[in-house]
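Visitor: My questions all concern the structure below.
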Amino acid sequence: MTEERRRQIEEIVLSVLALKSAERAARLDSACGHDDDLRREVESLLAQETRAGTFLEVPALDAAARVLTDGYSDLLPGSTVGPYRIDAFLGAGGMGEVYRAWDTRLRRAVALKFLPREYLSDSAALERFQREARAASALSHPNICVVHDIGDFDGRPFIAMEYLDGQTLRAALKGAALPSRQALEYAAQIADGLATAHQRGVVHRDLKPENLWITPEARVKILDFGLAKVAEPVDQAEGATVTLATKPGMVMGTVGYMSPEQLRGQSVDHRSDLFAFGVILYEMLSGRRAFAGPSAADTLSAILYQEPPELTDPGINGLVCRCLKKDPGQRIQSASEVASNVGELLAAERGSSGSLQTGLKPARRSRFRIAAIAVALAAIAALVGFTLRSRLAIPHITRLAVLPLENISNDAEQEIFADGMTEVLIADLAQIGALRVISRTSVMQFKGTKKTLPEIAKELGVDQIVTASVMKSGGRVRITAELVDGATDQHLWANAYERELSDVLTLQAEVARAIADEVRARLTPTEAGRLAHNRKVVPAALDAYMLGRYYWDRFTPESLVKSIENYEQAAKLDPEYSAAYSGMAEARGGLFEMGASSWEDTIPQAKSDVTKALALDDSSAEAHQTLGFIRYLGWDWKGAEEENQKATSLNPAYSTVYVLECNIQRHLGRAEASIAAAKRGLEADPLAMITNQMLGNAYVNARRYDLAIAQYLKALELHPKDSTLLHHLGWAYVYNGENDKGLAAMESSSELEGLDKRLDPYLAYIHAVSGEKKQARQTLSLLLELAAKEPLQPGLIALIYLGLDERAEALAWLEKAYQQHSTMMIWLKVDPRFDRIRQEPGFQDLMRRVGLI
Amino acid sequence: MEEVTALLQAWSGGDQAAFDKLAPVVYNELRRLARHHMARERPDHTLQPTALVHEAYLRMANFQHLHWKNRVHFFAISSQVMRRVLVDFARSRERLKRGRTPQRLSLDECTNVGQQHDAALIALDDALTTLDASDARKCRVVEMKFFGGLSTEEIAESLRVSPDTVLRDWKLAKLWLLRELNTKDAR
């Protein structure tokens, strides 16, 4: 269709729309003539007119805003809730969402109020809600909003109330005072409504201008009777003591109208409503809140300890003062007394010709303000606890655990991808200084766990938990993350993210940033920058990398070889994949460390891999840690420490950095530093075998064998039958002079590993030092025979000679070990097994050559 | 924030690529603010979307260096962002409905009703896309009015046309969209 044609159609449509229906046909005839196409077009548009009235007229903006915030469900116009048909969304407040609806049975407009679901998490709360709502529905008074019905929709309880035109008192006030006569007229109605409710034993507990509705006829209707009680924690509500809502925002929102006894958590009765009434009356007359401060703490302090500036009319001021007495015993005692008081004031007001002066006298500052704030702060802290920390800007470090991302595809192969994603998310979050994030190995133990989140939070010692799921399909990846409060299991936040697979790192950074925002962890510019710059990945390379991680975790000679193969594949697919290079370097180092490969076969290549990794990404904690590790294996103590420190500052949650730090320090003989590093490692990774083992090792080198034994036993509770832990426990017993226990632990370790006891050099050493030299010599000769045929760690043979106290032989074998770059050289300075040989000149020379002295 | 100003200027000068850069920034800011308001900062918990957009603007743009026109452009952008937000949300929910519903999906959890509305919103979005191709200005008018909650005057300012033109566009666009939606329905 041409532009011209379109204009023509539009002109005709507009001109016809402007006419009355009787005149339209003629106009159509004359405008379209014999052009049937034109006429069809015009008529098809005109046919929509009847529907066009309300179409799109209500902006979707507020729906969009609610989508932006998640968590707020939207009932959309036209949907039905039981007998009610939703007409419009009216608003959302602390007590839930309100909709205008049509009662199709009784053919009348109603307001439906849905309570926020977090208040109604269990059946007890639901019951309480229904009880309170029924009590409120029994109240029949012109100044109390009628509750028609209590219902439940999809598990969400709602109340159907009288639908009212008008506005809240808050809106009517517009931040200014009302004419005094009007204020008193409203006050009289409020007092009347309260008197009726109180006579029936129903206390409002949350009276405030937001809960007072003013109809166009100037009638006041009190809303939400009894609902405040529903919002209380179960135990407190049942005991009818504390009236603070569980939701922190709500506490803050209504705090200005709460009575001192409410704030103190003391028992609350109808006199709390009278206090709130006094605050409202004061505000209607003065346009100012009786108690207000720049912060919640100031407001609390004012309620507890200050008197508001006096109102100029002595009569009104007297009534307000009696309502605002801090001690409920001294307060005016009943709503009916208030009502008759207001009635008298109103009569005087109506009688007087001029208007009353209700302005404020000059303000009187309290001398006690500062002291009062301190007391109020203590009160708040006791009442609402953690939520206030961020409000009061007290620096706070959140401890966080990311549970293994759940693979929600049906594809079991995506399990490894999900685990890899868990690691990336942990690493991203760990870069944020204001967070303490639990390392991967500890959280991985909760994969598929049946434990509840609070149980897990307690076990890991964290404040909050991130649970998430991941799904990869058709080149896209979607992550859904949730943040849950560890203590209360309360759902704090959730969101879903989706991107191209190649943008998966950016996606993860987004999730991390959102979580940081949610726990109010402040990002430094550097941290924000690091999260903002994420490279694209090649999906197949990512898969290969994840597989590499998976095999690295198993940490056996065979799995490390597979791990290297996969990392190499990843690097081949994506030659700029830094993490793949540092991964292969680390795996090569691991092969050397466990004695499965020679120095020559692993370390030179590892060095070049890690150099490449760092050239590609100098901000990778893993790469710096790996370089540190390789330097450590090469006895470059200072260089190792430097690199490891860089890694630590880049990712403080990467527990491997503390393992290396502990190793460096303990072998250098710095006992305190090594214990401290081990403890930091445990903090970051409380359940991992390696971090638990390291603290034991640090104690051994500090010669605190009792502590070491206790630590290994504790670790064995977490990891029963772990052969490495049993091995180390054995040594701790031996050093502590408990050779029998030591042998038993060591033998069960060998058994678990399937080692031939006759060939076990460690057992031989223990036999030798406990006087059973014959047994030791048997092992020694077998090993010597073996060493003639195949490569064997010379250090192990040196160890048996040491046990036999044949120092020259021991030194000779140690020299061979040195030539092979053996990791045993690392032990020389502190290890108790070398105590008897340490002063020998040959040994001193060896220590010097490995940089230990 | 300087960047936002520059992007706004580029976009109002006709640079469409600038919108793609702006949209996520605006989205994030709107989202942050909305959450901030809804969550716990504000005592009264009421969320006024228009105020939200205004506040987002104030926070993001260096107000002193921008005049009225930039503000209008910003609102126009937020309208498009809002459209994307709503429609993406509706689409993802539709997808969930079709596929296997993951157990722990927040979107699904917090909105188990209103799915009919999702379909309507998606249909509207499709119709708008068609309209955009034939008559872009009308599409903008609908976006700004319906998704952005802008006044006729603000829209006029943003599109550099008279308020009367905006009203005419609005009227015609609604008829056009209704016809489009109804014929789609019938097919």
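A short reminder: the numbers here are calculations on the coordinates, not readings from a lab. Computed from a predicted model, the values in this text were never measured in an experiment. As a convention, Cβ positions derive from the backbone with ideal geometry for all residues, glycine included, and neighbour counts pool all protein chains shown.
Visitor: Label points 7 Å out from Cα along the Cβ direction at residue A:17 and residue A:540: separation in nm?
Guide: 5.7
Visitor: Still on this model: Distance cut-off 21 Å, Cα to Cα: go down the list B:21/B:138; A:113/A:208; A:20/B:145; A:773/A:829; A:646/A:829 and report the pairs above it. Please report the intermediate quantities before stating the final value.
Guide: Details: B:21/B:138 24 Å; A:113/A:208 18 Å; A:20/B:145 27 Å; A:773/A:829 26 Å; A:646/A:829 26 Å.
Violating the 21 Å Cα-Cα cut-off are B:21/B:138; A:20/B:145; A:773/A:829; A:646/A:829.
Visitor: Once each part is reduced to its C-alpha centroid, what is the distance from segment A:715-787 to segment A:135-190 in angstrom?
Guide: Using only Cα atoms, the two centres lie 80 Å from each other.
Visitor: Still on this model: Taking the simple approach of a point 7 Å from Cα along Cα-to-Cβ for both residue B:6 and residue A:476, what is their distance in nm?
Guide: Output for this residue pair reads 3.2 nm.
Visitor: Ordered by residue, what ³J(HN,Hα) values in Hz, to whole numbers, does segment A:256-264 give under the Karplus form 6.51 cos²θ - 1.76 cosθ + 1.60, where θ = phi - 60° and Gly and Pro are x?
Guide: With coefficients 6.51, -1.76 and 1.60, one gets x, 10, 7, 7, x, 5, 5, 5, 7 Hz.
Visitor: Another one. Please rank B:142, A:402, A:98, fewest neighbouring Cβ atoms within 10 Å first, as an exposure proxy. List each step's numbers first, then the result.
Guide: On the way: B:142 26, A:402 30, A:98 21.
In increasing order of surrounding Cβ atoms, one gets A:98, B:142, A:402.
Visitor: What FRET efficiency, computed as 1/(1 + (r/R0)^6) with R0 = 25 Å and r the Cβ-Cβ distance, is obtained for residue B:153 and residue A:165, rounded to the nearest 0.05?
Guide: On the way: r = 28 Å, r/R0 = 1.13.
Computed FRET efficiency for residue B:153 and residue A:165 comes out at 0.30.
Visitor: Pull out the extension gain between residue A:740 and residue A:36, defined as 0.36 nm times the separation in residues minus the alpha carbon to alpha carbon distance; nm, one decimal. Mind dumping the intermediate values first?
Guide: Values: separation 704, 0.36 × 704 = 253.44 nm, distance 10.79 nm.
Gain in length upon complete extension: 242.7 nm.
Visitor: Going down the list A:562/A:679; A:458/A:679; A:458/A:721; A:572/A:638; A:638/A:679; A:774/A:816, which pairs span over 29 Å between their C-alpha atoms? Intermediate results must be reported in sequence, preceding the final value.
Guide: On the way: A:562/A:679 32 Å; A:458/A:679 18 Å; A:458/A:721 24 Å; A:572/A:638 33 Å; A:638/A:679 22 Å; A:774/A:816 25 Å.
Table pairs above 29 Å Cα-Cα are A:562/A:679; A:572/A:638.
Visitor: Now, a different point. Using the Karplus equation 6.51 cos²θ - 1.76 cosθ + 1.60 (θ = phi - 60°), what ³J(HN,Hα) coupling, rounded to whole Hz, does each residue of segment A:323-328 give in order, writing x for Gly and Pro?
Guide: 6, 9, 4, 5, 8, x
Visitor: In segment A:754-799, how does Rg compare with the Kirkwood Rh, expressed as the Rg/Rh ratio over alpha carbon atoms? Before the final figure, lay out each step's value.
Guide: Values: Rg = 10.0 Å, Rh = 10.5 Å.
Reported Rg/Rh, Kirkwood definition of Rh: 0.95.
Visitor: Write down the Kirkwood hydrodynamic radius of segment A:3-52, to one decimal in angstroms, obtained as one divided by the mean of 1/r over all alpha carbon pairs.
Guide: Details: mean 1/r = 0.0914 Å⁻¹.
It works out to 10.9 Å.
Visitor: Considering the dipole of segment A:534-586 built from charges on the beta carbon (Lys and Arg +1, Asp and Glu -1) around the Cα centre, which of A:548, A:575, A:538 is farthest to its positive end?
Guide: Farthest towards the positive pole: A:538.
Visitor: Let me ask something else. Give, in nm to one decimal, the length gained when the segment between residue A:109 and residue A:458 is fully stretched (0.36 nm per residue of separation minus the Cα-Cα distance).
Guide: Numbers: separation 349, 0.36 × 349 = 125.64 nm, distance 4.96 nm.
Here the answer is 120.7 nm.
Visitor: Would you mind getting me the FRET efficiency between residue A:182 and residue A:292? Use the beta-carbon distance for r and R0 = 30 Å, nearest 0.05. Working shown, then result.
Guide: Numbers: r = 22 Å, r/R0 = 0.74.
The formula returns an efficiency of 0.85 here.
Visitor: Could you pull out every residue, at least 5 positions away or on a different chain, whose amide H is within less than 5 Å of the one on residue A:149? Hs are placed 1.01 Å off N in the peptide plane, and Pro or chain starts have none.
Guide: It is A:160, by chain and number.
Visitor: Ratio to report: Rg/Rh of segment A:390-522, with Cα atoms as the point set and Rh obtained by the Kirkwood method; give two decimals.
Guide: Details: Rg = 14.3 Å, Rh = 14.9 Å.
Computed over Cα atoms, the ratio is 0.96.
Visitor: Could you list the residues of segment A:442-478 with an amide nitrogen less than 19 Å from a label point located 7 Å from the Cα of residue A:489 in the Cα-to-C-beta direction?
Guide: Counting only backbone N, you get A:446-468.
Visitor: So who's got an amide H within less than 5 Å of the one on residue A:463, skipping anything under 5 residues away but keeping other chains? H placed 1.01 Å off N, in plane.
Guide: Result for residue A:463 returns A:399, A:400.
Visitor: On alpha-carbon atoms, Rg over Rh for segment A:703-853 using Kirkwood Rh? Can you show the working numbers first?
Guide: Values: Rg = 15.4 Å, Rh = 16.0 Å.
In segment A:703-853, Rg relative to Rh is 0.97.
Visitor: Right, next: So, in nm, how far is label residue A:6 from label residue A:703 when the simple model puts each one 7 Å beyond its Cα toward the Cβ?
Guide: 9.1
Visitor: Grab the beta carbon distance between residue A:594 and residue A:450, set R0 = 45 Å, and tell me the FRET efficiency rounded to 0.05. Write out the running numbers ahead of the final one.
Guide: Working: r = 34 Å, r/R0 = 0.76.
Efficiency, from the Cβ-Cβ distance: 0.85.
Visitor: Once Lys and Arg get +1 and Asp and Glu get -1 on their Cβ, which of A:496, A:460, A:470 lies farthest toward the positive end of the dipole of segment A:398-536?
Guide: The residue sitting most towards the positive pole is A:460.
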